[in-house]
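Comments concern the structure below.
Bear in mind these aren't lab numbers, they're just calculated from the coordinates by the rules spelled out. What you are looking at is a predicted structure, and each value in this text was computed from that prediction instead of being measured. Positions of Cβ are generated from backbone atoms using ideal geometry, with glycine treated the same way; all protein chains shown enter the neighbour counts.
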Amino acid sequence: MIPSEAALLARSVLSCARSMTLRVHEERQVFGDDDCDVTTDVHGSPVFSAPEGSALVAASQGNAVGVVEVVSGLSAPGSAGQRLDLFLQGTLRQRGAGCGCCGDPRALVGLDLARVTLFRDDRPVPVDVTLFRDRRHVLNPGYLQRTVEHANDAHGPELRTAIAAAVGAPLRSLLAAALVSVDPSGAEVAWLDEAGAHPHRIDFARPVTSPQELGAALRAHLHAGLC
């Protein structure tokens with residue numbers, strides 16, 4: 001597998017994790033959902049939010065070695081029919097404080113990566129750490145898939161209104177509407193009416209290069225309430 005392709009696929013798995021487990025080598029302790037929350041991809045590294053005084057924060061203060069095991073949630077072309085897992089190894093580091101507004105002071109803990117290994121159907125593929133963290137991979141297929149899933153799950157009514165306006169159809173005529181896919185140049189949407197299903201392409205004014213630009217483009221072309 002070409003190194004750049006392996007790095008992109010591995011980054012997509014991190015951005016589109018179905019499940020994630022953090023282990024600290026010394027204790028072999030698993031940090032589950034009750035212990036910490038996770039942001040799956042922050043500049044190519046998972047970042048965890050955990051209560052002050054937790055085992056995870058203590059491990060980071062001791063610069064413990066951690067291993068993050070990621071099971072892929074990708075459904076993109078090229079991933080179907082194969083199992084994809086990702087192992088990230090590195091040193092746990094505290095990265096400041098999380099939100100304490102709910103009376104639960106939390107700390108942010110990241111993983112300074114030393115090794116990345118992608119498993120395709122249990123076959124290991126070493127991944128270059130520098131390529132894995134390349135800024136050009138930020139809008140990877142996994143991130144774009146999660147963007148589509150979030151828009152459809154959290155902003156269904158807004159999408160229906162926006163797509164009706166975009167295609168010039170009466171809102172009441174749309175039985176359903178959805179964001180089908182998104183890429184740096186635009187988005188594919190579809191709606192359903194009594195005549196059947198209809199696809200529609202929306203092109204951005206210019207290609208986007210970051211999550212912030214992607215969010216702004218989707219809000220500008222579809223609905224201001226999208227996040």
The chain: most fluctuating residue of GLY168, GLY73, GLY110 per GNM, C-alpha cutoff 10 Å: GLY168
CD proxy at 222 nm, helix term only [per DSSP H run n ≥ 4: -39500 (n - 2.57); per residue of the chain; nearest 500]: -8000 deg cm²/dmol
Net charge of Cβ neighbours under 12 Å - reference LEU74; Lys, Arg +1; Asp, Glu -1: +3
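Using a cut-off of 12 Å between beta-carbons, work out the net charge of the residues near ASP85 (Lys and Arg +1, Asp and Glu -1, ASP85 not included).
+1
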Listed residues PHE204, PHE48, PHE87, most fluctuating in the chain (Gaussian network, C-alpha, under 10 Å): PHE204
Pair-distance profile P(r), taking every C-alpha pair of the chain, with 10 angstrom steps and integer %: 8, 28, 29, 22, 11, 2, 0
Residues with amide H under 5 Å from that of VAL42, placed H, sequence gap 5 or more: VAL47
